[in-house]
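In what follows, a single structure is set out as structure tokens and then discussed.
What follows draws every value from the coordinates through simple rules; no lab data is involved. Not measured: the values here are computed from a predicted model. Glycine gets a Cβ as well: all are built from the backbone with ideal geometry, and neighbour counts include every protein chain shown.
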Amino acid sequence: MIEIFKNTEEQNIAAAEQFVQSAKEAIAAKGIFNVALTGGSSPEKFYKLLAESPYREQVEWEKVAIYWGDERWVPLDDDKSNAKMAERTLLSHVPIPKEQIYFMYKDGVEPETYALDYEHLLKKNLGPEGSFDLIFLGMGDDGHTASLFPGEAVLGEEIQWVDAYFLIPQDMYRITLTAPLINKAKKIVFVLYGEKKAHALQQVLEGPDQHTKYPSQLIKPTNGEVLWFIDEAAAANLTNKA
Ligand SMILES: O=C(O)[C@H](O)[C@@H](O)[C@H](O)[C@H](O)COP(=O)(O)O
């Protein structure tokens, strides 16, 4: 489902409300809410909103488990770290037990090794189905999502839940949930805005299957639901805005 918002304020409110609603449902059903956060700049404001009234009080934070959709392989105090951004905007302001924050980075470990460790952790915590309650994703101007970048071998992954690889154009390792795992989620919410996304978004949603060029096309949940929270600028090229 595509939801087009007049401005990013309304979009951020919708994203915060989605977090609250999914948390309530998951906690009522099984006592824990497993959510994967996205990096990039788009979620910063809605993370901040979540840490404020009236959203903050509506979440049983001690029953929330935080994961990431992807991470740049840099130390957790590096400005490029997705975890650092989430800490600054949200995690340091809410009472989530530290042991329920599963950073996608570890000092002194090879990224490929840590990808296997993270997969084991997910199998232990989520069970064999690997079904997150909620995954937030962003989308790059080129149609990438998480660290599923155009033309990379990770796009063909069918078995592993987590992969790490060296992303040559950015000169850094990336670690990412793979499309088969993301697609097991109960709910996936893309949050993106701005005219720079308009071209790729139109291709992703309305173009032919070109998932090696526009990797966000790989995101098609098996049993869950995908929501696209976008603003009017990002939606500008869509022909079907219903
Ligand atoms: O670590 C990352 O870079 C991401 O998780 C990435 O997939 C991001 O979501 C998009 O690049 C969109 O980024 P913006 O929101 O900054 O446009």
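Some notes on this structure:
- As a proxy for reagent exposure, Val162, Val94 were ordered by neighbouring Cβ count within 10 angstrom, fewest first; the result is Val94, Val162.
- Net charge of Cβ neighbours under 10 Å - reference Trp161; Lys, Arg +1; Asp, Glu -1: -1
- Antiparallel bridge percentage (DSSP; both residues within the chain; nearest 5): 30
- Global geometry of the stretch 125-229, whether rounded, prolate or oblate, following the gyration tensor of its Cα atoms and the 1.5 cut on a/c: oblate
- Greater than 20 Å apart at Cα, pairs in Lys24/Lys187; Lys98/Lys124; Lys123/Lys184; Lys24/Lys197: Lys24/Lys197
- The stretch 132-242 - share of DSSP beta bridges that are antiparallel (%, nearest 5): 45
- GNM result for the chain, Cα springs below 10 Å: residue of Ala51, Ala86, Ala29 fluctuating most strongly: Ala29
- Rounded to the nearest 20 debye, the dipole magnitude of the stretch 155-200 is 320 debye, with +1 charges on Lys and Arg beta carbons, -1 on Asp and Glu beta carbons, and the Cα centre as origin.
- Among Val35, Val109, Val191, the largest mean-square fluctuation in a Gaussian network model of the chain, built with springs joining Cα atoms closer than 10 Å, belongs to Val109.
- Most mobile of Arg72, Arg88, Arg56 in a GNM of the chain (Cα contacts under 10 Å): Arg88
- Cβ-Cβ FRET estimate between Gln160 and Lys80, R0 fixed at 25 Å, reported to 0.05: 0.55
- Distance from the stretch 6-49 to the stretch 112-174 (C-alpha centre basis), Å: 20
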